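The values are calculated or read from the model by the stated rules, or taken from the named source; none is laboratory data. The structure presented is a predicted model; accordingly, all values stated were derived computationally and were not measured. FYI the Cβ positions are ideal-geometry reconstructions off the backbone, even for glycines, and counts take in every protein chain you see.
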Amino acid sequence: MRFVLAARWGWVVLLLLLLGGCSSRSTGGRRTLRIGTDATYPPFETVRGNDFSGFDIELGNAIGREMNARVEWVDTSFDGVFPALLGGKFDAVMSCVTITPERKQRLAFSDPYYLAGQIVAVRNDESGISGLNDLNNQSAGIQINTTASEVLKSHPQIAVRKYPTIDLALQDLQNGNLKAVVGDAPTIRYFLAHGFGGLHTVGELLTQEHYGVVMRPQDTQLRADVNAALSRLRASGEFAALEKKYFGTASSPVAAPAQQRLPWPLILSLLWRGLLLTLGLTAIALIFGLPLGLGLALGRMEAPPIALLCTAFVELWRGTPLLVQIIFVYYALPQLIGLDLPAPAAGALALSLNSAAYIAEIFRAGIQSIETGQSEAARSLGLSRRQTLRFVVLPQAVRRVIPPLTNEAVALLKDSSLVSVIGLAELTRGGQELASQLAAPLAVWPVVALFYLAVTLPLTRLVAVLERRDGGRRS
């Protein structure tokens, strides 16, 4: 009965997620322009709660205004932003995307709207590095999926280390684990001026890169509208005003960052919101995973057709990484079978199916741990096979699997951080956004760890208590 009630409530919660994740493409007759971005890249894009800011954000809002469209921003990890665009999750991407021949083969770009380039950052005590040629047999950090990797391809002697965000690369450089960091000049200079003391840039720009608004190749009318909007913004002077606001002194030497107090009430508030989403996703995954896992465990003990299907499901979801499963459910299913789920529902579904596979093995081990003599005694009393399983085996098995199930809940809570790849602002993604926005990873990430610890520590203590109690019953 508890499983039935839990499943019913789970469907209600999942329906709310589905409804909350859906959005209309028109509002009061106005067009809605959905733009994807990775809001961890100041001064171009950053986010505080639900408020986006930065050069790309203001420019995108201005483009939407010129098109008489309401702009809706979608925060997505950069390594998944192009699959999400092609999968129809949004209409365009504005996230410091460099126009390259490789990208133009499968994506459509607007006219260039910003000229940037890669630059090298080193520590102030590093006097022997003036450019890439001085980094042979040394290590350099870059952000994953950026054009810095293309620049360093022509320098195979440099050991490249890739990071999810540029602030983590700069932190590693500050800690002495790298010789240099290569990245977009405006962003590098922003971070050096807002939190990373002891670092400076060297040499001239390594490249000249044009940023463009990215769209699907078939959206030719949208591309024409965006280009026309950019042209009007340049003619009116609004574009020049934005450039001056964000990059008026970008090429001047960067002063040492002044010490500033971190907005701890804001940090704690945003991380608390991320924790609530983490707990919600974990709860939904367990609500669906428990009955499904039990059903799979029982199915593996049935006749071969059912047993083979259940075994195949368990092996598939236990044998592939959860990150791949999340990406598959969110990005691939819309193109394969037309199942286009919003990010919250896709994350919950992937976590539920993954947890069900592990829970199935936990239940199967618990059932098999019950002595065969008890089943034989029940059958001799006239109970059927199903009655024996229901009234004799399962009650004992459920009691034995409670500790490992609690361990699975702890692991699932931590693994839920992987949904950040599809832009869900759970606890880890919230920490990533704050660390980039405030240029203070050393201050933010320990607090994120404490939030996780505050939830997982009581659960691990509960596991220890349950294991001791179960051991006492058996002795």
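General observations
- Among helices (runs of 4 or more DSSP H) entirely within region 125-238, having at least 3 residues that are free of Cβ contacts under 8 Å to residues at least 40 places away in the same chain singles out 148-153, 220-236.
- When Arg103 is tested against (1) surrounded by fewer than 19 Cβ atoms within 10 Å (Cβ to Cβ); (2) modelled with pLDDT of 90 or more; (3) over 23 Å from the mean Cα position of the chain (by Cα), only condition (3) is not met.
- Arg65 closer than 26 Å to Ile327 by Cα, in the same structural domain as Val214 (by TED's automatic domain parsing), out of contact with any Asp or Glu (no Cβ under 8 Å at 6 or more places or on another chain) and of a type in the set (D, E, K, R): no
- The combined condition, being aliphatic (A, V, I, L, M) and touching a Pro at 6+ places or on another chain (Cβ under 7 Å), is fulfilled by Ile99.
- From Asp134, Asp111, residue being at pLDDT 90 or above and farther than 30 Å from Arg216 by Cα: Asp134
- Among the conditions (1) in contact with a Cys (Cβ under 9 Å, 6 or more places away or on another chain); (2) under 19 Å from Asp79 (Cα atoms), Ala297 misses just one, which is (2).
- Among the numbered conditions (1) surrounded by fewer than 18 Cβ atoms within 10 Å (Cβ to Cβ); (2) modelled with pLDDT of 85 or more; (3) touching a helix residue (DSSP H, G or I) at 6+ places or on another chain (Cβ under 6 Å), the only one that Leu206 does not meet is (1).
- Residues of region 52-70 that turn out to be in a loop (DSSP other than H, G, I, E, B) and polar (S, T, N, Q), as a count: 1
- Within the option set Leu316, Leu286, being touching a residue at least 24 places away in the same chain (Cβ under 8 Å) and within 15 Å of Ile362 (Cα to Cα) holds for one residue only, Leu286.
- Ala360 falls short on exactly one of the conditions (1) out of contact with any Gly (no Cβ under 8 Å at 6 or more places or on another chain); (2) buried (at least 22 other Cβ atoms within 10 Å of the Cβ), and that condition is (1).
- Some residue of region 71-93 being part of a strand (DSSP E or B) and hydroxyl-bearing (Ser, Thr, Tyr): no
- When the helices (runs of 4 or more DSSP H) confined to region 349-443 are screened for residues that are within 22 Å of Ser77 (Cβ to Cβ), those reaching at least 3 such residues are found at 394-415, 427-438.
- Search result, residues across region 40-57 that are surrounded by 18 or more Cβ atoms within 10 Å (Cβ to Cβ) and of a type in the set (D, E, K, R): Glu45, Asp56
- Qualifying residues in region 75-88 (those that are under 16 Å from the mean Cα position of the chain (by Cα) and surrounded by fewer than 21 Cβ atoms within 10 Å (Cβ to Cβ)) - the one farthest from Ala224 (Cα to Cα): Asp79
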